[in-house]
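A.B. asks: Below is one structure. I have some questions about it.
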Amino acid sequence: MDKKATWDRFYTETSSGKAPFINFEWFFGFDSVRDFIMPLLQTMSRPDAALHVVDMGCGTSALGPSIYRHSPVSVHVTSKAIQPHSCSSQIEFVELDCTQLDKRFSPSTVDLIIDKGTTDALLRSREGKQNASLVLKQCLRVLRSSGSLLQFSDEDPDSRLIWLEMAAQDPGVMTADVGVQEVGELRGIHYYCYQVTPHPVL
């Protein structure tokens, strides 16, 4: 599930035919996590610029476009056209390798990164923790010090918190605060929101 070819094939197969386009939601849709994302955006709001939001590994999810549509604060969403709530919002669709975010985004320029299952797919692959750790470090590198990474996952906090706390540390360069909240039970599965906030070492 960590290979581009797998997802290209999946989207080709699911979008072929005459059926109308349907967003594919990994885990759950925007309404399930709206109360985690919207209040956080309001606390990050800056009067001088739109907040830069990245929906990493979005595929055809409606999460990024829903943030764009419903955010009362100005946002620039990099995701997969609709009308925004804030007329100064922007949305951009970009295909990129999440292990190389710094090739697209300068350091300390992103306010919020949303990861709904991308890290889960990486952790369950052959290269697993190595690639997932690289993605985490890339996220922390491009996030502002006031920014956050929100990872939505079905992985139990006993495992994910330990991994995040260890992988987020870059001695002499970066530390991070890691927290967790339960999203709830959906279709018999418990989901969690892990929030990682970078703290560059001065």
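A.B. asks: Give me the distance in nm between label points sitting 7 Å out from Cα along the Cα-to-Cβ direction at LYS129 and LEU96, one decimal.
C.D. replies: 2.8
A.B. asks: While we're looking at this one, here's another question. Let me make sure I get this right: for region 125-181, a, b and c are the square roots of the gyration tensor eigenvalues over alpha carbons, sorted descending. Under 1.5 in a/c it's rounded, otherwise prolate if a/b > b/c, else oblate. Which is it?
C.D. replies: Numbers: a/c = 1.61, a/b = 1.22, b/c = 1.32.
Oblate, since a/c reaches 1.5 and b/c is not below a/b.
A.B. asks: What is the sum of charges around PHE105, taking Lys and Arg as +1, Asp and Glu as -1, for the other residues whose C-beta is under 15 Å from the C-beta of PHE105? Kindly include the intermediate steps, with their values, before the conclusion.
C.D. replies: Details: positive: LYS103, ARG104, LYS137, ARG141, ARG144; negative: ASP55, GLU92, GLU95, ASP97, ASP102, ASP111, ASP115.
Its environment carries a net charge of -2.
A.B. asks: Once both labels are modelled 7 Å past Cα along the beta-carbon direction, what's the SER145-SER159 spacing in nm?
C.D. replies: 3.5
A.B. asks: Which value, in Å², gives the accessible area per residue of region 128-202 when a 1.4 Å probe is used on the protein heavy atoms? List each step's numbers first, then the result.
C.D. replies: Working: 3650 Å² over 75 residues.
Normalised by residue count, the accessible surface of region 128-202 is 49 Å².
A.B. asks: Tell me the carbon and sulfur percent of the accessible area for region 52-163, rounded to whole percent, probe radius 1.4 Å.
C.D. replies: The C+S portion of the solvent-accessible surface of region 52-163 is 47 percent.
A.B. asks: To the nearest 0.05, how large is the calculated FRET efficiency for ASP170 and THR60 if R₀ is 30 Å and r is the Cβ-Cβ distance? Each step should come with its number before you reach the end.
C.D. replies: On the way: r = 33 Å, r/R0 = 1.10.
Step by step, r from the Cβ atoms, then E = 0.35.
The values are calculated or read from the model by the stated rules, or taken from the named source; none is laboratory data. Computed from a prediction, not measured in an experiment: that's the story for all the values here. Every residue, glycine as well, gets a Cβ built from its backbone with ideal geometry; the counts of neighbours run over all protein chains shown. These area figures cover heavy atoms from the full protein model, side chains too; ligands, DNA and RNA do not enter into them. Shrake-Rupley method; radii C 1.70, N 1.55, O 1.52, S 1.80 Å.
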